[in-house]
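Nothing in this text is a laboratory measurement; each read-out follows from the coordinates by a stated rule. Being a predicted model, the structure only gives us computed values, none of them experimental. Here the Cβ positions follow ideal geometry from the backbone for every residue, glycine too, while neighbour counts run over all protein chains shown.
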Amino acid sequence: MKFSKIKSYAKINLSLNVIKKLKSNFHNIESIVSFVDLHDVIYLRQINLKKHKVFFKGRFSKSINNSNTVTRLLEILDKKRILREKKFELKIIKNIPQKSGLGGGSMNASSLINYFIKKKIIKLKKIELEKLSYSIGSDVILGINPKNTILLSNGKIKRFEKKLNYFVLIVKPVIGCSTSMIYKKVRRFCKPKYNNPRQSLFKKYNLINSENELENVAFKIYPILKKIKLFLLKLSKVEFVRMTGSGSSVVAYFDSKIARDLAAKKFKKKFNNYWCIKSKTV
């Protein structure tokens, strides 16, 4: 059987507000989320074996262990007999760096769920789909039917059809951010701002005036991230700059490809040993 090809797009947080800390030590957050054309590639085919076969390849595949999101997803589907004894071989090309705030692992799981549903390999009710997603990771739900999304503080999702049109420069230093460490050090909380989710929240003036509140903590732990953001903010024709997720990627947003490409050249000249990729919202 031939392999099917699935693109697993990176997610970006255009804003992130921390609402409160829960007794479980997790946090309630709200966020404006979109996606870029940077993506991992998943090759998948059904096999006539008793176990799934999962292989990770590519630049960012080295430290992925057996507790990854894809393996966990397949284990859950097997345990609940949702796959009805079907087994698959997967080859995943990792183009999205780990610990970068781009949700690479979570979006791999989301992309697989989307594929299984589209091909009618699995059938899930909405509440079952939500439970499955959250059992793998908190970001997985964002990649189910990926569109411009607002994550509400109560955990609900509101998706919008209209696409953004930004050319982006995504940069990441050698370090990766520890999500648990950053959330552990959050001391400032805010009231929910997106209880009335609407398309206008994606307008430029609102995005410029939004923030990722995790920057306050991340920049103290990893000062290089603040240095990167300040450099990007000085570049010509940049609209706004924001860390995505809990880092360590920082994203600069441009209206034009020419401005973005020029910014990439200047950044690489200043920080030539850092990961830097040109992309676009999808």
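Of note:
- Share of Cα-Cα pairs in segment 88-228 lying beyond 28 Å, as whole percent: 28
- Note on the chain: helix-only mean residue ellipticity at 222 nm, from DSSP H runs of 4+ residues weighted -39500 (n - 2.57) and normalised by residue number, equals -8500 deg cm²/dmol.
- Peptides ranked, highest mean first, by Cβ atoms within 10 Å: ranges 269-282, 98-111: 98-111, 269-282
- Low-density loop positions, GluC sites (Glu not before Pro), segment 45-139 - DSSP coil, at most 10 other Cβ in 10 Å: GLU85
- Alpha-carbon centroids, segment 61-112 and segment 227-280: separation in whole Å: 29
- With a threshold of 29 Å on the Cα-Cα distance, the over-threshold entries among LYS131/LYS220; LYS11/LYS257; LYS191/LYS269; LYS7/LYS203 are LYS131/LYS220; LYS191/LYS269.
- FRET efficiency for the pair LYS23 and ASP261, taken as 1/(1 + (r/R0)^6) with r the Cβ-Cβ distance and R0 = 51 Å, rounds to 0.60.
- Qualifying trypsin sites (Lys or Arg not before Pro) in segment 1-98, DSSP loop, other Cβ atoms within 10 Å at most 16: LYS2, LYS23, LYS50, LYS51, ARG59, LYS62, LYS80, ARG81, ARG84, LYS86
- Label separation (LEU233 vs LYS268): 2.6 nm, computed from points 7 Å beyond Cα along the C-beta direction.
- Virtual spin-label span in nm between PHE160 and ILE121, 7 Å along Cα→Cβ: 3.3
- For segment 40-52, backbone phi angles converted through the Karplus equation (6.51, -1.76, 1.60; θ = phi - 60°) give residue-by-residue couplings of 7, 10, 10, 9, 9, 8, 7, 10, 9, 10, 8, 10, 6 Hz, Gly and Pro being listed as x.
- Contact order, relative form, for segment 144-282: 37 percent (alpha carbon pairs under 8 Å, 6 or more residues apart, mean separation divided by residue count).
- Per-residue ³J(HN,Hα) for segment 146-161, Karplus 6.51 cos²θ - 1.76 cosθ + 1.60, θ = phi - 60°, Hz, x for Gly and Pro: x, 8, 4, 9, 10, 8, 7, 5, 8, x, 7, 10, 10, 9, 10, 6
- Point-to-point label distance, SER67-LYS7, nm (Cα→Cβ direction, 7 Å offset): 3.3
- Taking every C-alpha pair closer than 8 Å and separated by at least 6 residues, the mean separation divided by the residue count of the chain gives a relative contact order of 25 percent.
- Trypsin sites (Lys or Arg not before Pro) restricted to segment 140-189 and DSSP loop, no more than 10 other C-beta within 10 Å: LYS162, ARG187, ARG188
- The tail of the calculated P(r) for segment 4-160 beyond 27 Å holds 22 percent of all Cα-Cα pairs.
- For segment 167-280, Kirkwood radius (reciprocal of mean inverse C-alpha pair distance, Å): 15.0
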